[in-house]
Amino acid sequence: MWARCAAATAVALSATASAANLGQIGPVFEITEQHAIQYMIERLGKMEKSGELARLERETQDRARKAVAEPTPVAGLSETFKTRTYYYDPTVTVPENIVDGTGRVLVPAGFRKNPLEVFSLSKHLLFFDARDERQVGYARRLIDHYKGRVTPILVGGSYLDLMKRWDLRVYYDQRGTLSNRFGIKQVPALVTQEGPLLRIDELRVQG
């Protein structure tokens, strides 16, 4: 009896083992996944041999030099068509208490102060577009008229080229920070101080 059970069990196990061996279905390939870093190294090597890498480096350097020499023009400005004069109040309001390390309030929230009460604008500010030679010539005449007491600020064009031409320091209104703050819409625009206010004149090019 026990012998028959043992034999039957052996046959069943043998059949199960045979059923589990399904054999090979199609060809078998070795799994080889190339590492991403290795791929990048090989890719850069190919680009270097072909000269593509050197070309990309030159293009990147050229774009960087151009961005420095001739920044993006300030958007939203046009050449003055109709002259306009208005005033800008530079007074600032403290939005929240300014305290020291012990929590003592140094400047309370809501405090207002006009910086022109502390210092004066030593030079006029002249905004213009150096891509327009008429504006460049007009700006030069204004600078001479005010005997150099003018700070030239570009909203377009190359300030480096103009510095070389004029042998004078020229600034650029990056991202339109100042022209937007002053509400300038047309150039050339001349900013001068009148007491506690700034006077902005959007001027038409003359001559």
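Just give me the residues in segment 99-141 being in contact with a strand residue (DSSP E or B) (Cβ under 6 Å, 6 or more places away or on another chain), modelled with pLDDT of 90 or more and not in a loop (DSSP other than H, G, I, E, B), in sequence order. R112, H124, L125, L126, F127, F128, D129, Q135, A139 - these are the residues of segment 99-141 that are in contact with a strand residue (DSSP E or B) (Cβ under 6 Å, 6 or more places away or on another chain), modelled with pLDDT of 90 or more and not in a loop (DSSP other than H, G, I, E, B). Residues in segment 142-162 that are touching a Leu at 6+ places or on another chain (Cβ under 9 Å), surrounded by 15 or more Cβ atoms within 10 Å (Cβ to Cβ) and not in a strand (DSSP E or B): L142, I143, L162.
What residue, of D201, D167, D161, is modelled with pLDDT of 95 or more and over 21 Å from the mean Cα position of the chain (by Cα)?
One residue alone meets the criteria, D201.
For L125, the stated conditions do not hold, so it cannot be described as surrounded by fewer than 20 Cβ atoms within 10 Å (Cβ to Cβ) and of a type outside the set (G, A, S).
What's the number of the condition G176 fails, among (1) within 18 Å of E79 (Cβ to Cβ); (2) assigned to a helix (DSSP H, G or I); (3) more than 18 Å from the chain's Cα centre (by Cα)? Evaluating G176 over (1) within 18 Å of E79 (Cβ to Cβ); (2) assigned to a helix (DSSP H, G or I); (3) more than 18 Å from the chain's Cα centre (by Cα) leaves (3) as the failure.
Among the residues of segment 185-196, none qualifies, meaning not one is touching a residue at least 24 places away in the same chain (Cβ under 8 Å), in the same structural domain as L125 (by TED's automatic domain parsing), surrounded by 14 or more Cβ atoms within 10 Å (Cβ to Cβ) and part of a helix (DSSP H, G or I).
The values are calculated or read from the model by the stated rules, or taken from the named source; none is laboratory data. Here the structure is a predicted model, which is why all the values come from computation and not from measurement. Here Cβ is always computed from backbone atoms with ideal geometry, including for glycine, and neighbour counts include all displayed protein chains.
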